[in-house]
Amino acid sequence: MFRIGDFAKIARVSGRQLRHYDRLGLLVPSYTDRATGYRYYTAAQLPRLNRLLALKALGFSLDQIGRMLSDAVSPTELRGMLAMRKSQLEQSLAEEQMQLRQVESRILQIEEQGALRDYDVTLKSEPERDMLSVRQSFADMGEAVGAIQLAAARGTTQLRRQVRDKLVVIAHSDFDDEALDLEIGFTLTRPVNTRIDLGGDAVMALRRLEAEEAIAGVVRSGPADQTHLAYGALGIWMEANDFRIDGPCREIFLEMPFTDPGNIHVVMEIQFPVARLE
């Protein structure tokens, strides 16, 4: 089982949303500790959550969604609804087109029922590393993506290839707080004196990225808006192998993103520090 904060990270929704869905009876925790009030969820609840999110993105009210969830709307029915919604969204702005792709990927996860197919989860240790990074808070994901693009561009031009390793994004508390708390930077092959100004008070500076004794990681290659499929697979693996999340999630880009504005394909490794359940 996962506490609400860890389940939120795996499902890529906020803890605030999960608490709201609990109050409405749309997604009730698998277990609630009466003494502490802590909510616990299981990976088996991901398909129901994905149905809820897909229906919500398609424009249905939460009351309507509650009735549909009770009737167990099938992936085929959802695809029919998606086709109708798609004809409307094709005339909207680019951010709405991104929303449509996210709906499609949620439906894909429903069809897979959270299977580990195509994902090879590995358990390993990570050594301490030098890193040039900046930690910032963002109001939404669009703002965060803009900052990652800027950091990638500045780092590529201002860090020599011999010292620049991988672009890394560390989520310190990205799915439960009002703001996204992200650290963005590059791992390095050796320390450097370089500081990279990103504008305002944002400056990428040298620090040591902590070592981790146990990291659960999965490498994925595909559309950026389907990243949550790999997160779901990691959650299933952790639950099946009696692990819990034990630190901030890391996204390591194995290929530099944003080099082609028309290409939304990313190659990355998603890492969660983990510890055995006691």
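A few comments on the model shown:
- Convex hull per residue volume in Å³, alpha carbons only, for region 1-42: 63
- Under the simplified labelling scheme, the D71-H20 pair shows an inter-label distance of 2.4 nm, with each label point 7 Å from Cα along Cα→Cβ.
- Rg and Dmax of the chain, both derived from C-alpha coordinates alone, stand at 19.5, 61 Å.
- Computed over protein heavy atoms with a 1.4 Å probe, the accessible surface of the chain works out to 51 Å² per residue.
- Per-pair calculated FRET efficiency, R0 = 35 Å: R135 and L62 via Cβ, rounded to 0.05: 0.50
- Helix 141-158 axis, angle to the chain major axis (alpha carbon atoms, nearest 10°): 20
- Three-way shape label, region 118-264, alpha-carbon gyration tensor, a/c 1.5: prolate
- Rolling a 1.4 Å probe over the protein chains gives S137 an accessible area of about 80 Å².
- D260-H172 pseudo-label distance in nm [points 7 Å out on the Cα-to-Cβ vector]: 3.5
- Carbon + sulfur, % of accessible area of the chain - ligands and nucleic acids excluded, 1.4 Å: 48
- Spatially near lysine pairs across the chain, Cα under 25 Å, sequence gap of 8 or more or different chains: 5
The values are calculated or read from the model by the stated rules, or taken from the named source; none is laboratory data. Here the structure is a predicted model, which is why all the values come from computation and not from measurement. We place every Cβ from the backbone using ideal geometry, glycine too, and count neighbours over all the protein chains shown. Keep in mind that these areas ignore ligands, DNA and RNA; they rest on the heavy atoms of the full protein, side chains included. Shrake-Rupley method; radii C 1.70, N 1.55, O 1.52, S 1.80 Å.
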